[in-house]
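Computed from the coordinates by the stated procedures, all read-outs in this text should not be read as laboratory data. Quick caveat: nothing in here was measured; it's all calculated off a predicted structure. Because the Cβ atoms are built from the backbone with ideal geometry, glycine has one as well, and the counts that use them run over all protein chains shown.
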Amino acid sequence: MGIPFIDLKAQYREVETAVKKGIDGVLGHGAYVMGPEIAELEDRLSDFSAVRHAVGCGSGTDALIMALMAFEVGPGDAVFTTPFTFMATAEAIALLGATPVFVDVDPVTFNIDPDDLKRKIADIKDNRTDLIPKGIITVDLFGQPADYDRIEPLAHNSGLFLIVDAAQSFGATYKDKPVCSLGDVACTSFFPAKPLGCYGDGGMVFAHNNELHKLLVSIRVHGMGEDRYENVRLGINGRLDSIQAAILLAKFEIFPDEIEKRQQVADRYNDLLSGIDGLTTPALAEGCTSAWAQYSLLARDTEHRTELMGKLKVADIPAVIYYPKPLHLQKAYANLEHSMGDFPVCENIAGRIFSLPMHPYLGAEDQETIAGVLEG
Ligand SMILES: Cc1ncc(COP(=O)(O)O)c(C=O)c1O
């Protein structure tokens, strides 16, 4: 058996009894969609996140779409975000007919750069009569929170909403605050590979504000009003299945411990790899903890990365590039007319980054083997 990139089987051994009991419970009561497990999970995760409301939904993508719909985002609206993220972040903006306005990233944290954000907001205000700045979606890439002390005031002073895409960072904190308590709304994903994952698709939206909560609950089920067959706005089918919620409740029991274990794995990697010539190990900004969705390193340049990934491949050690092609260079956003050179920091990182196996059950011995291969 080789070293897995993410070891969901090892995790399953820890939660098997509880997961089976949870699934059995759902099969017994028969409320397969929006059963009692949903409200229970929402209570547990909103408590954990120190935020008043949580709305379970079908995926992290649905969470973003629902949040944007709650802010009535549509054609003519500019929503600022990073090009160095998973497709869904900017896709949700574009699907609603709004325009994603990309902002370059910080070279150390890989998260949205507040200085460039400030420039881009001013640029849209001053130079684009066809667009109105409406909001910001930050992404806590690989599990590390963005620079909220600088971004929150920027958002509020410019009259913009702030959505936190915490798909990769659920379980992380910023200056002791859980990430899903940040911004006006926070969205997360329970895709199996995420720090807290279910066994299918799932997601959640978090909000402090009561009105936003009501809107999100309505949007989740086709814009329903007081009852399901009264439709007061457009919405989506964004419901979470009861079985997935039951699985998440079982997994949540071990989640805080898993976050600690991920930190230990990251610390071990940092110790083993920080001395290797040409490699840059990940750095956490002051006051941040990470959920370590990924452990991502920078090689000296693309050639060096190809060489290192080649060595890992020969040794049967999985490594993945997140993300080889930034969103501004993707064909799906060709209408935005970007080209290479528009976001130099992001492009430089995309050419050098790669991620190593990362999960709470990764042992010291396997990590030493990986480090040995990279060193050799
Ligand atoms: C940053 C980010 N945003 C959004 C998503 C979308 O989540 P989902 O796959 O649950 O729709 C993901 C997950 O893959 C992600 O990594």
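Could you work out [θ]222 nm for the chain from helices alone, using -39500 (n - 2.57) per DSSP H run of at least four and dividing by all its residues? Round to the nearest 500 deg cm²/dmol. Intermediate results must be reported in sequence, preceding the final value.
Working: 12 runs with 152 residues, N = 376.
Mean residue ellipticity at 222 nm (helix-derived): -12500 deg cm²/dmol.
What fraction of the DSSP beta bridges in segment 116-197 is antiparallel, stated in percent and rounded to the nearest 5?
Just about 20 percent of them are antiparallel.
Distance from the Cα centre of segment 211-290 to that of segment 133-181, in angstrom?
13 Å
Could you run the Karplus curve 6.51 cos²θ - 1.76 cosθ + 1.60 with θ = phi - 60° over segment 316-322 and give me ³J(HN,Hα) per residue in whole Hz, x for Gly and Pro?
Values, residue by residue: 6, 9, x, 9, 10, 9, 10 Hz.
Among G22, G376, T289, pick out the residue whose Cα is farthest towards the positive end of the charge dipole of the chain, where Lys and Arg carry +1 and Asp and Glu carry -1 on C-beta, about the Cα centre.
Going by the charge dipole, the pick is G22.
Quick one: dipole size for segment 255-375, taken about the Cα centre, charges +1 on Lys/Arg Cβ and -1 on Asp/Glu Cβ, in debye to the nearest 20.
Approximately 400 debye in magnitude.
Averaging over every viewing direction, what projected area does the convex hull of the Cα atoms of segment 171-243 cover, in nm²?
5.9 nm²
Dipole magnitude of segment 217-312 about its Cα centre, charges +1 at Lys/Arg Cβ and -1 at Asp/Glu Cβ only, in debye to the nearest 20? Before the final figure, lay out the partial values.
Working: 11 positive and 15 negative charges, 57 e Å.
My answer is approximately 280 debye.
For L8 and A332, calculate 0.36 nm times their separation in residues minus their Cα-Cα distance, and state this gained length in nm to one decimal.
Details: separation 324, 0.36 × 324 = 116.64 nm, distance 3.19 nm.
Taking 0.36 nm per residue and subtracting the Cα distance, the gain is 113.5 nm.
What number, in percent, do you get for the relative contact order of segment 255-375 if the mean sequence gap of Cα pairs under 8 Å and at least 6 apart is divided by its residue count?
With pairs under 8 Å counted, the relative contact order is 36 percent.
Restricted to Cα positions, what overall size does the chain have along the principal axes? Three whole-Å values, descending.
Projected onto the principal axes, the Cα atoms of the chain cover 65, 59, 36 Å.
Just want the answer: with Cβ charges of +1 for Lys and Arg and -1 for Asp and Glu, which residue in A155, I243, Q263 is farthest toward the dipole's positive end in the chain?
Looking along the dipole axis, the top candidate is I243.
Out of residues 5 or more away from I136 or on other chains, whose amide H comes under 5 Å of its own, with H placed 1.01 Å from N in the peptide plane?
Sorted by chain and number, the residues that satisfy this are F80, F161, L162, I163.
What residues qualify as long-range amide H neighbours of I112, i.e. H under 5 Å apart, gap of 5 or more or another chain, H built at 1.01 Å from N?
Close amide H contacts, sequence-distant or interchain: D106, V139.
Which is farthest toward the positive dipole end of segment 255-375 among Y322, Y333, M358, measuring Cα position about the Cα centre, with Cβ charges +1 (Lys, Arg) and -1 (Asp, Glu)?
Final value for the positive-end residue is Y333.
Hey, can you grab everything whose amide H is under 5 Å from the amide H of M34? Only 5+ residues off in sequence or another chain; H modelled, so Pro and N-termini drop out.
So M34 has HN proximity to L240, S242.
Mind checking the dipole of the chain: about its Cα centre, +1 per Lys or Arg Cβ, -1 per Asp or Glu Cβ, Debye to the nearest 20?
520 debye
Can you give me the relative contact order of the chain as a percent, contacts being Cα pairs under 8 Å and 6 or more apart?
22 percent.
Using 0.36 nm times the number of residues separating V33 and H156, minus their current alpha carbon distance, what extension gain do you get?
40.6 nm
All other residues with a Cβ under 14 Å from the Cβ of I247 taken together, and with Lys, Arg as +1 and Asp, Glu as -1, what is their net charge?
It works out to a net charge of -3.
What is the sum of charges around D140, taking Lys and Arg as +1, Asp and Glu as -1, for the other residues whose C-beta is under 11 Å from the C-beta of D140?
Here the charged neighbours net out to -2.
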